[in-house]
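A.B. asks: I'd like to ask some things about the structure below.
The values are calculated or read from the model by the stated rules, or taken from the named source; none is laboratory data. All of these numbers come straight from a predicted model, not from anything done at the bench. When we count neighbours, we look across all protein chains shown, and the Cβ atoms used for this are built from the backbone with ideal geometry, even at glycine.
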Amino acid sequence: MTDDATDAVRAHLRRVLLHNRDLKQRRLDRIEAEEAAGHRIVTGGRAHGAQWSLQDWRTGETIASGQQGIDEFDEVRERLDPDDLWLHVDEISFDPEPYRPIPADGLPGDLGIVLQQWVSGTGTSSAALAAFIGWTEEQVEEAR
């Protein structure tokens, strides 16, 4: 790869990471606003078969769990949250439009999309990505 092409890939990867970091912050801002309004943010649900669990999103504390399916889940949730103040983290919208990065100069559009997917992939090493784009591993982790 020529130096210009390498620089274009690096610049694009940085832009994707910066955008991801901004999305994470917008999501956190939205969650904090819901918490300030009195909502408890929860996560969890059906785990396996009839098993379920419900956790506090912020602390990871298990609020409740059971093995009797959705009816039990609904009963427990209604009993523990009678004012309906719990919000599941997956139901909190914060970015209504999907992001499609504009490719850096010198990159075809579909390569930009592939690079975006590569950055987000679980098999992509943060250390290798950091070394390639000239960031610290911590900066990459913060942005992923």
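A.B. asks: Looking at region 117-141 only, could you name the residues that are in contact (Cβ under 8 Å) with a residue 60 or more places away in the chain, surrounded by 11 or more Cβ atoms within 10 Å (Cβ to Cβ) and more than 20 Å from the chain's Cα centre (by Cα)?
C.D. replies: Those that are in contact (Cβ under 8 Å) with a residue 60 or more places away in the chain, surrounded by 11 or more Cβ atoms within 10 Å (Cβ to Cβ) and more than 20 Å from the chain's Cα centre (by Cα): F132, I133, W135.
A.B. asks: Surrounded by fewer than 11 Cβ atoms within 10 Å (Cβ to Cβ), of a type outside the set (S, T, N, Q) and out of contact with any Leu (no Cβ under 6 Å at 6 or more places or on another chain): which single residue out of D4, D22 fits that description?
C.D. replies: After ruling out the rest, the residue left standing is D4.
A.B. asks: Residue check, F73 against (1) free of Cβ contacts under 8 Å to residues at least 12 places away in the same chain; (2) surrounded by 11 or more Cβ atoms within 10 Å (Cβ to Cβ); (3) farther than 30 Å from V9 by Cα, all met but one. Which one?
C.D. replies: (1)
A.B. asks: List every residue pair whose Cβ atoms lie under 9 Å apart, where the two residues are 6 or more positions apart in sequence or sit on different chains, the first residue falls within region 79-91 and is on the phi > 0 side of the Ramachandran plot, and the second residue, located anywhere, is surrounded by fewer than 15 Cβ atoms within 10 Å (Cβ to Cβ) and part of a loop (DSSP other than H, G, I, E, B).
C.D. replies: Close Cβ pairs satisfying both conditions: none exist.
A.B. asks: Still on this structure, please answer the following. Among G69, G49, G106, which is under 30 Å from D4 (Cα atoms) and of a type outside the set (V, I, T)?
C.D. replies: That would be G106, the only listed residue that is under 30 Å from D4 (Cα atoms) and of a type outside the set (V, I, T).
A.B. asks: If you don't mind, there's one more thing I want to ask. What are the residues in region 27-43 that are free of Cβ contacts under 8 Å to residues at least 24 places away in the same chain and either surrounded by 15 or more Cβ atoms within 10 Å (Cβ to Cβ) or out of contact with any Lys or Arg (no Cβ under 9 Å at 6 or more places or on another chain) (or both), if any?
C.D. replies: Once the filter is applied, which keeps residues that are free of Cβ contacts under 8 Å to residues at least 24 places away in the same chain and either surrounded by 15 or more Cβ atoms within 10 Å (Cβ to Cβ) or out of contact with any Lys or Arg (no Cβ under 9 Å at 6 or more places or on another chain) (or both), region 27-43 yields L28, E32, A33, A36, A37.
A.B. asks: Could you tell me which of the residues L87, L80 is in contact with a helix residue (DSSP H, G or I) (Cβ under 9 Å, 6 or more places away or on another chain), surrounded by 12 or more Cβ atoms within 10 Å (Cβ to Cβ) and at pLDDT 95 or above?
C.D. replies: Among L87, L80, only L87 is in contact with a helix residue (DSSP H, G or I) (Cβ under 9 Å, 6 or more places away or on another chain), surrounded by 12 or more Cβ atoms within 10 Å (Cβ to Cβ) and at pLDDT 95 or above.
A.B. asks: Which of the helices (runs of 4 or more DSSP H) contained wholly in region 45-144 include at least 2 residues that are closer than 17 Å to V16 by Cβ?
C.D. replies: Output list reads 109-120, 126-133, 137-143.
A.B. asks: Within region 80-99, identify whether any single residue is within 30 Å of A11 (Cα to Cα), touching a His at 6+ places or on another chain (Cβ under 9 Å) and of a type outside the set (A, V, I, L, M), and answer yes or no.
C.D. replies: There is at least one residue in region 80-99 that is within 30 Å of A11 (Cα to Cα), touching a His at 6+ places or on another chain (Cβ under 9 Å) and of a type outside the set (A, V, I, L, M).
A.B. asks: Any chance region 45-67 includes a residue that's crowded, with 16+ Cβ neighbours inside 10 Å, at pLDDT 95 or above and closer than 17 Å to F94 by Cα?
C.D. replies: yes
A.B. asks: Please enumerate the residues belonging to region 1-40 that are closer than 30 Å to I70 by Cα and either assigned to a helix (DSSP H, G or I) or under 15 Å from the mean Cα position of the chain (by Cα) (or both).
C.D. replies: Those that are closer than 30 Å to I70 by Cα and either assigned to a helix (DSSP H, G or I) or under 15 Å from the mean Cα position of the chain (by Cα) (or both): R27, L28, R30, I31, E32, A33, E34, E35, A36.
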